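The structure under discussion appears below in the form of structure tokens.
The values are calculated or read from the model by the stated rules, or taken from the named source; none is laboratory data. In this text, all values refer to a predicted model and were calculated from it rather than measured experimentally. FYI the Cβ positions are ideal-geometry reconstructions off the backbone, even for glycines, and counts take in every protein chain you see. The accessibility values were calculated without ligands, DNA or RNA, using every heavy atom of the protein model including side chains. Shrake-Rupley method; radii C 1.70, N 1.55, O 1.52, S 1.80 Å.
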Amino acid sequence: MTHDGFGRPVSAAPPVAAGWPPGARLCLGIATDPGRQFLAVSRDLPVALSVHTVPRGPVGELLLPFTLLERRYVQEAPEDRRAHRLAQLWTRKEAALRLTGRGGLALADEIDALSEARDGKVVIPASPAHPGGTAYVRDLPTGPRTVASAATPAPSSGLRVWRVRFAAPRT
């Protein structure tokens, strides 16, 4: 394994797998939240993951890194669904930003993970600190108190994701 320009693991040599064309690369994405880890594998497409526990309590102060449209989407939800919507939007943004480069979290309030993202497309504007780009984001199946998203630079039907549960280390 080696790493791409953003530190994501990719295969240094083509994998030996039935049906894979010569020169194909294996790309991995990993994300961890307390008690869970997600591993994504893609052929030839870099992949980035984000996973978070749904916050408990009021979400008002957590709305800062969201666009006006996204804030409205969260606030219009029934009160017991607001935190889930907020966390899902955040994982979409975070996965897209992780895919397109380092240092982009400061751009979170400029990225719309709602309107165009209904088809998975999230556009990240270029800035002096970030190259910008486009990510195709999909929400991943999780438990009721966890949300996760995966991002690739193009639509992908070959993305495989595994969720691994593990016990938190005792201190």
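Contact annotation: residue pairs with Cβ atoms under 8 Å, 6 or more positions apart or on different chains, pairing a residue in region 136-164 that is at pLDDT below 85 and surrounded by fewer than 12 Cβ atoms within 10 Å (Cβ to Cβ) with a partner that is assigned to a loop (DSSP other than H, G, I, E, B) and among the hydrophobic types (A, V, I, L, M, F, W, C), are Pro144/Val54; Gly158/Leu45.
Among the candidates Thr53, Thr67, Thr91, the residue that is open to solvent by 40 Å² or more (accessible area, probe 1.4 Å), modelled with pLDDT of 85 or more and β-branched (Val, Ile, Thr) is uniquely Thr53. Of everything in region 70-85 that is open to solvent by less than 70 Å² (accessible area, probe 1.4 Å) and free of Cβ contacts under 8 Å to residues at least 24 places away in the same chain, the residue that is farthest from the chain's Cα centre (by Cα) is Ala77.
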